[in-house]
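Chemist: One structure coming up, written as structure tokens, with questions to follow.
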């Protein structure tokens, strides 16, 4: 499934959200927040925020299509789905995970695995990748703001979510920081490696398989962090809303990310 204009991407995300609402699927959690990020990026195109609007629009579309393809593969039972996306999507059936774990598992797959591939595809060569670096960081500025926005906005669904920020520095770092900072760094490293291997398809495929396994391991750690963090996660889960439809609706509220996230 290939969709190019960002407007079409937003329509596809709306369809996923509608499906999630109709089926009480936790897959709607990430789709809702990802739609807001995509809409924010779209709103910045043509404003001078990005160095190259056409290139950024292509990057956003290529990036989003990796998620849309993974979703279609998961729905269709396609064994070609990336392992890291399989980890994230299979987890939506798990009622014992908190909302934030579902979001982070998907963000890990999309940022840690998909973003580097998309950047390498758009850049094509090392010079192109060097030119993309500033805009790559800008799109990551939007992505980085996703987590604090989540903490601020899902409090009504998860009244104890603040425990993950307040228990100690390690608690937040283990669950949130590992996904955002490590996934972003892995994405840029992957983009550089893939560009270097663009004329060596066998080595490129081996590298992608390794990166997929790496992202899958991180995703599984997000879903099962181990002691003592899993005790805190369980404490967050107990009073958290179990109404999937309501949760998706709250996460899909039409509000733009803070201007500080986008340079607005």
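The values are calculated or read from the model by the stated rules, or taken from the named source; none is laboratory data. Bear in mind the structure is a predicted one, so any value in this text is a computation, not a measurement. Cβ atoms come from the backbone with ideal geometry, glycine included; neighbour counts cover every protein chain shown.
Chemist: For the range 19-60, which positions are within 20 Å of residue 71 (Cβ to Cβ) and loosely packed, with under 14 Cβ neighbours inside 10 Å?
Modeler: 22, 23, 24
Chemist: Restricting attention to the range 223-254, which residues are within 24 Å of residue 38 (Cα to Cα) and either surrounded by 12 or more Cβ atoms within 10 Å (Cβ to Cβ) or modelled with pLDDT of 95 or more (or both)?
Modeler: 244, 245, 246, 247, 248, 249, 250, 251, 252, listed by residue number.
Chemist: In the range 82-124, which residue that is more than 16 Å from the chain's Cα centre (by Cα) and more than 20 Å from residue 32 (Cβ to Cβ) is surrounded by the most Cβ atoms within 10 Å (Cβ to Cβ)?
Modeler: 120
Chemist: Another question about this same structure. Let me confirm something: among 143, 97, 115, 132, which residue is in a helix (DSSP H, G or I) and farther than 25 Å from residue 199 by Cα?
Modeler: 143
Chemist: Which of the residues that make up the range 234-243 are under 21 Å from residue 88 (Cα atoms), assigned to a helix (DSSP H, G or I) and touching a helix residue (DSSP H, G or I) at 6+ places or on another chain (Cβ under 7 Å)?
Modeler: Across the range 234-243, the qualifying residue is only 236.
Chemist: Restricting attention to the range 194-219, which residues are assigned to a helix (DSSP H, G or I), surrounded by fewer than 17 Cβ atoms within 10 Å (Cβ to Cβ) and in contact (Cβ under 8 Å) with a residue 24 or more places away in the chain?
Modeler: Result: 196, 213.
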